[in-house]
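The values are calculated or read from the model by the stated rules, or taken from the named source; none is laboratory data. Predicted model only: the values in this text are computed from it and were never measured. Because the Cβ atoms are built from the backbone with ideal geometry, glycine has one as well, and the counts that use them run over all protein chains shown. In case anyone asks, the SASA skips ligands and DNA or RNA and just uses the protein heavy atoms, side chains included. Shrake-Rupley method; radii C 1.70, N 1.55, O 1.52, S 1.80 Å.
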Amino acid sequence: MSVIVVMGVAGSGKTTVGTELAAALGVEYAEADSFHPAANIAKMSAGTPLTDADRAPWLAAIAEWIAARTATGGVVSCSALKRSYRDVLRVDERVWFLHLHGDRELLAGRMTGRSSHFMPVSLLDSQLADLEPLQPDERGLTADIATPPEDIVRIALRKESEGSP
């Protein structure tokens, strides 16, 4: 069983896809936002992008969660914007990434439509600027966010069962 990191910028549908994927696989799900220290959430809520130094303890905590589930499987949502961040999360060969990628206008529209999240739309461009798409040597799959979440989950499940993301 793998640990799947559902990655992408804010508004890409990580939580929606991640919870559906975990339920379909019968594994534990974790929302990466819950690993952020209060200072990070305050900074983002104020419209200030996080630095690599801000993200380091957050990524380490998520990596610990992943490492504890490499035998049983799991799904965690995490922006994982840079390859260096994914390198921290790639604690085992059973970890792979499902990158939810999409159009800026669609992402911004989704962010505007949600009321219970701390991430303001003003930070979307900084996330897009930091985003380093999956490289050919990284285990993973990229899905277009214009695709319905249930179809993305179905594609990811097929790849998981084939063992070939």
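Quick notes
- All positions within the range 1-40 that are part of a helix (DSSP H, G or I) and surrounded by 20 or more Cβ atoms within 10 Å (Cβ to Cβ): LYS14, VAL17, GLY18, GLU20, LEU21, ALA22, LEU25, ALA32
- ALA63 vs. criteria in a helix (DSSP H, G or I), within 29 Å of SER161 (Cα to Cα) and free of Cβ contacts under 8 Å to residues at least 24 places away in the same chain: no
- ASP52 falls short on exactly one of the conditions (1) touching a residue at least 40 places away in the same chain (Cβ under 8 Å); (2) open to solvent by 10 Å² or more (accessible area, probe 1.4 Å); (3) under 19 Å from PRO133 (Cβ atoms), and that condition is (1).
- Close pairs (8 angstrom Cβ cut-off, 6 or more residues apart or separate chains): over 16 Å from ILE62 (Cβ atoms) and of a type in the set (A, V, I, L, M, F, W, C) in the range 14-32, surrounded by fewer than 17 Cβ atoms within 10 Å (Cβ to Cβ) and modelled with pLDDT of 95 or more anywhere: LEU21/LEU157; ALA24/LEU157; LEU25/LEU157
- Unmet criterion (only one of (1) at pLDDT 90 or above; (2) part of a helix (DSSP H, G or I); (3) of a type in the set (A, V, I, L, M); (4) open to solvent by less than 50 Å² (accessible area, probe 1.4 Å)) for MET44: (1)
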